[in-house]
Structures are given as C-alpha cells and as structure tokens.
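Single-structure report; data block below.
The values are calculated or read from the model by the stated rules, or taken from the named source; none is laboratory data. Given the structure is predicted, the values throughout are model-derived calculations rather than measurements. Cβ placement follows ideal geometry from the backbone for every residue including glycine, while neighbour counts extend to all protein chains displayed. Accessible surface is based on the protein model in full, side chains and every heavy atom, while ligands, DNA and RNA are left aside. Shrake-Rupley method; radii C 1.70, N 1.55, O 1.52, S 1.80 Å.
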Amino acid sequence: PIRIGNDDADRRLDGAVDDVTLYDSALAASDIAGLSARITVSPTSSNYVFENWSGPDAGSLSSTTNPNVTITLSSDKTVVANFARQYTVTFSASPVAAAATLLPVAGTHIYKAGTTVNVGATATTGYQFDNWAGGVSNPSQASTTLVVTNDTVLVANFVSSNRNLTVSALAGGSASPA
C-alpha cells in the first residue's frame, strides 16, 4: 500500500496502485475526520484508459467517472480505479477506389475491449462487395459487426462487377465484335 500523510495528501498515483492509505500517526481520529484528499490515477500504459471508480466507498468520491477526485475521510475508505484495455482497429478497402463508403471511415480507430462496432461497405459503380477480412461476425455481408478483442486490421474486399465477353469464330466464319 501507499501511505499518504496529512501534509502530502495531494499526490499523483499511477493506475497500478492497488491500495492507498491516508494516515498521520501524530493525528487523533477526531483530527482526521473531515480531512480531504485529492487522488489522481492514470494508466501505466497507452493500451489502457481510465474507466471509472468502484468499491464500497466510491460514492464518497467527488466523481466516479473522473480520474481526478477528492474524497473526504470521515472514516477508513476503500475505492478502486478501473482501467479498460483499448485496441486499435484499422479499416481499409481493397481496391481502395472500389469503396464508395466505409463505416467507420477508412483509417485507424481506438476502441475499448469488448466494444461492438457496426461496420459497413458500399461499392462504387463497376464493383461489388465480396467480403470482409479481419474477424467480423459475418464476413460475407456488407453490413455486419466486429467485437473488439485485439488490435485488428479490417479490410472490405471488392470485386469488379464488369464482365468481359470474348467472341471468336471458327474457320469459315466471322464474329462481331471481333
């Protein structure tokens, strides 16, 4: 645990901190009652984002959704800072010119683990949607979902809808167009 005395109750704590005890052995319990402490938590990695506070005394915090909080110490308090894993999802089309629209737009996006992302693709004239590569729930459907569980590259694949016609004639005949 990290112990924070009365004179340094304003201290930045990393997201990896499991237990914080506010104390000053020279203070009587009546001196501590009403003492406020500011607590700031932050993720220890760019792969995480602060989500919320929980625990039996989370209601004593100035906010349960802000990583920078104040708590009044009328008694012992226990709060937990919760962090969510986040992942990058890169969306693109192949060939690029075949995509009239991509949902979400082409590029890299960041999502919390477990997020369900609606994805969709429409083709430009001369192409048709073929499939998704990269782990969507229904790869053969142009509109489907992706549940984010890791860093992902998602590609909407398109094929030409133009058809070639080859005409030929055997000996003794002609064909048009030639």
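Which peptide among 68-75, 157-164 comes first, and what is the full order, when sorted by highest mean count of other Cβ atoms within 10 Å?
68-75, 157-164
Counting Lys and Arg as +1 and Asp and Glu as -1, what is the net charge of the other residues whose Cβ lies under 14 Å from the Cβ of Ala84?
Charge balance near Ala84 sits at +1.
What are the principal axis extents of the Cα atoms in region 82-178, in Å, biggest first?
82, 19, 17
Probe of 1.4 angstrom, ligands and nucleic acids ignored: what's the accessible area per residue over region 35-178, in square angstrom?
58 Å²
Between Val96 and Thr65, what is the spin-label point distance in nm, taking each point 7 Å from the Cα along the Cα→C-beta axis?
3.8 nm
I need the calculated FRET efficiency for the pair Asn138 and Ser75, taking r as the beta carbon distance and R₀ as 41 Å, to the nearest 0.05.
Step by step, r from the Cβ atoms, then E = 0.15.
How do 77-86, 105-114 rank on mean C-beta neighbours within 10 Å, highest first?
77-86, 105-114
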